[in-house]
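See structure below.
We did not get these values from a lab; they are worked out from the coordinates using the rules stated. Here the structure is a predicted model, which means the values were calculated and not measured. Please note: Cβ atoms are built from the backbone with ideal geometry, for glycine as well, and neighbour counts cover all protein chains shown.
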């Protein structure tokens, strides 16, 4: 078994050619939120992954094994509910309301400009349909938002200066 204890968020700093050559491992959300797990990569190698507690593995991250080899993580398609507003009598604001109500229930949500994704839950699906939202089942990658206060809230490891909010003294 090949031990892995290092992660490069988003493969930062790696040349595209290196990323293209790297082995891959397809993991669903349930596995990617664990700091310790076993998996088999695309080269058939058994991986024993031991990451610092609290690390969430995202699609696009690169795991670095003890022998220096790299394994690019792919978010595996899994059952999800895709939530959209009803174009006949709703608006995009309905999605905002839905995200608020799901957040109050501490549900993991993937936020997109035109839809939300959550893990399958018939009670939540019924609640969303009662709010006049369209809910459909799908098999897709699931990348929910990180917590706003977590060590890895997102993989945007940079300050506001990168958003054009610099303040220049003239």
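In plain terms, the residue of 140, 66 with the fewest other Cβ atoms within 10 Å comes first and the most crowded comes last, giving 66, 140.
Taking every DSSP helix (H) stretch of at least 4 residues in the chain, weighting each as -39,500 (n - 2.57) and dividing the sum by the residue count yields a mean residue ellipticity at 222 nm of -5000 deg cm²/dmol. With the simple spin-label model, which puts each label point 7 Å out from Cα in the Cβ direction, the residue 111 to residue 45 separation comes to 3.7 nm. Work out the FRET efficiency for residue 30 and residue 145 from their Cβ-Cβ distance, taking R0 = 25 Å, and round it to the nearest 0.05. E between residue 30 and residue 145, to the nearest 0.05, is 0.95. Helix 93-104 axis versus longest C-alpha principal axis of the chain: approximately 60°, rounded to the nearest ten. For percent of Cα pairs over 23 Å apart, pick the label among (i) 45; (ii) 50; (iii) 38 that corresponds to the value derived from the coordinates. Comparing each candidate, only (ii) matches the computed number.
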